[in-house]
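A quick write-up on the structure given underneath.
The values are calculated or read from the model by the stated rules, or taken from the named source; none is laboratory data. It should be emphasised that the depicted structure is a prediction, and the values quoted were computed from it without experimental measurement. For neighbour counting, all protein chains shown are included, and Cβ atoms are generated from backbone atoms with ideal geometry for every residue, glycine included.
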Amino acid sequence: MWSSRLAAFLIGPALALALAPAVGAQEEPPLFDEKTAPQATPAPTPEAPKAPPEAPAPPAPPAAPLAPLSAKLDYARWQSMSARERQTFVEGAVSALGIFTARLRTEVGGDNRATPEKMTALVKFLHDNQPRHAVGTYLKEMNTIYLTADGQKLSMPDCFLRALQMLDAK
């Protein structure tokens, strides 16, 4: 009972902090404008005059207009994401959870004030929530979960946690 409360108390805020940037993520403008970027001019050579450099072609407009992303991290958002975006989401979740559990180990590991029951619950929490597989494995498991009717009702963080639990239970 205590370990499930501890897990819910610690994992929820950790995932919320890790995934907060993904909620408000929008397409970023290019860092350098092609028109204002300084162009390198070759040194003049006495052999032959060169033609003036041609102006760069204007960038092509996007194939489809960019719509704002949905703030909800649910199955519909998962479907609209490209494979690279899905991989980035899972990479972020795995690294956030890994960093969180490693930090928690170092912060609480040396605390002599904790009772044996609390330390046991903490060790169980860290053992159950430390990512042990490659990102691609969690991504495949999330895709498998989202193929089921029950899985489509889950938010992306809940789906990731279910994939984590299913894979780490094996």
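Annotations
- Number of positions in segment 132-168 that are of a type in the set (Asp, Glu), closer than 15 Å to Ala76 by Cβ and not in a helix (DSSP H, G or I): 0
- Filtered by the rule that a residue be of a type outside the set (S, T, N, Q) and either at pLDDT below 90 or exposed (fewer than 13 other Cβ atoms within 10 Å of the Cβ) (or both), segment 136-155 gives Gly136, Leu147, Ala149, Asp150, Lys153.
- Against the test of being touching a Gly at 6+ places or on another chain (Cβ under 9 Å) and either small (Gly, Ala, Ser) or at pLDDT 80 or above (or both), the options Val90, Val94 yield a single qualifying residue, Val90.
- Close pairs from segment 119-131: first part of a helix (DSSP H, G or I), partner surrounded by fewer than 19 Cβ atoms within 10 Å (Cβ to Cβ) and of a type in the set (Asp, Glu), Cβ under 9 Å, at least 6 apart: Met119/Asp111; His127/Asp168; Asp128/Asp168; Asn129/Asp168
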